[in-house]
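What follows is a set of notes on a single structure, which appears directly below.
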Amino acid sequence: MEKGPIRFGVYSGDPFLAERRLGARLSALGEVDRVLLWGDEAGADGVLEALGTPLLFGAGRLRAVVVRRADPLMGDQRLFSALREGPPEGVAVFFLGEELKGPLAAAAEEFVHFGKPKKGELRDLAVELMREAGLRVHGFVVDLLVEACGGDAMRLAREVEKLSLWKGGRLPRDRIPELLYFAEPAPFGFLEGIGWRDLAGALKELSILLKRGWDPTRIFFLLAGQVRSLLLARAALDGEARPEGPDWLWRRRLQQARNFTKEELLEHLSLLQELDLRVKKGEMSPTCALYLFTLRVAPAPP
């Protein structure tokens, strides 16, 4: 008898690989209504409510409850009792975390802990990601990607994303290394610091970029794109349609968007426009504008 799609999964370890497996399982379920929870905030009560409460709209469709940061919930006996025979009819549930173990993990239909990927696994992942992005697979490029990512699957995915911007165009072989991490520091560390409102991390990464010769005007342009992406993700959290793009990237942005309100992000875009105008008028340098924006945005609210 053929087994149906997975409806109860527990995935931990490497965050990119765990999210990738989640994406595959959700796709296999078809059209579903997704309920996103953070386990360390919602607690067992919030998860139980999501499992048992039908949505106002979408009646008749499968409901997929996704619980991230679920480590504190793995030993909860109420959740175990509710799920040991599987999720309720019409519901799927997936837990993600750093190192999930305990009764819930043991009861899951599928439980996988993704360790740090080895070089061979990174090569296979690079090939998969390139094919998914519609890129031609060359051994030379795969080798560069694996070297550039430093053993980090998430960085590998970002490098493939950068290469995909050239899809359909011509990128000389000798220019490919210029796009990758080991050739020049990439701005992602700084942009991630902004997304997570990590002031110390953002300032450190910005300083490194500037010391190594990154054009502050270019960083400012990328920063504006990051804030616009966070605004789109925040709108998706508030019920608007999610923009097109790789699932793994939007899941990451959705997590970061929870650190901001929609009003805050609109204010940040307005601040960027104001700073950009002052730079163009010669009232301040692009470097000063970057530091002023970071100091205004990165600290998390008390």
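Some values worked out for this structure:
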{"item": "Helices (runs of 4 or more DSSP H) (entirely within segment 192-302) containing at least 3 residues that are within 23 Å of the chain's Cα centre (by Cα), at pLDDT below 85 and surrounded by 17 or more Cβ atoms within 10 Å (Cβ to Cβ)", "result": "247-257"}
{"item": "Close pairs (9 angstrom Cβ cut-off, 6 or more residues apart or separate chains): outside the structural domain of L272 (by TED's automatic domain parsing) in segment 231-242, surrounded by fewer than 19 Cβ atoms within 10 Å (Cβ to Cβ) and among the polar types (S, T, N, Q) anywhere", "result": "none"}
{"item": "The listed residue being within 17 Å of the chain's Cα centre (by Cα), outside any loop (DSSP other than H, G, I, E, B) and at pLDDT below 95, out of E19, E49", "result": "E19"}
{"item": "Criterion (crowded, with 18+ Cβ neighbours inside 10 Å, at pLDDT below 95, under 21 Å from R258 (Cα atoms) and not basic (K, R)) met by exactly one of A105, A64", "result": "A64"}
{"item": "Complete set of residues in segment 91-102 that are surrounded by 14 or more Cβ atoms within 10 Å (Cβ to Cβ) and assigned to a loop (DSSP other than H, G, I, E, B)", "result": "L100, K101, G102"}
{"item": "Verdict on F80 being surrounded by 16 or more Cβ atoms within 10 Å (Cβ to Cβ), outside any helix (DSSP H, G or I) and at pLDDT 90 or above", "result": "no"}
{"item": "Count - residues of segment 137-176 that are on the phi > 0 side of the Ramachandran plot and either at pLDDT below 80 or of a type in the set (S, T, N, Q) (or both)", "result": "2"}
{"item": "Subset of segment 113-142 (residues that are more than 23 Å from A18 (Cβ to Cβ) and without any contact (Cβ under 8 Å) to a residue 12 or more places away in the chain)", "result": "R136, V137, H138, G139"}
{"item": "Residue within segment 70-93 that is of a type in the set (F, W, Y), within 16 Å of V10 (Cβ to Cβ) and touching a residue at least 60 places away in the same chain (Cβ under 8 Å) present", "result": "no"}
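The values are calculated or read from the model by the stated rules, or taken from the named source; none is laboratory data. What you see is a predicted model; the values in this text were computed from it and never measured. Virtual Cβ from ideal backbone geometry, glycine too; neighbours counted across all protein chains shown.
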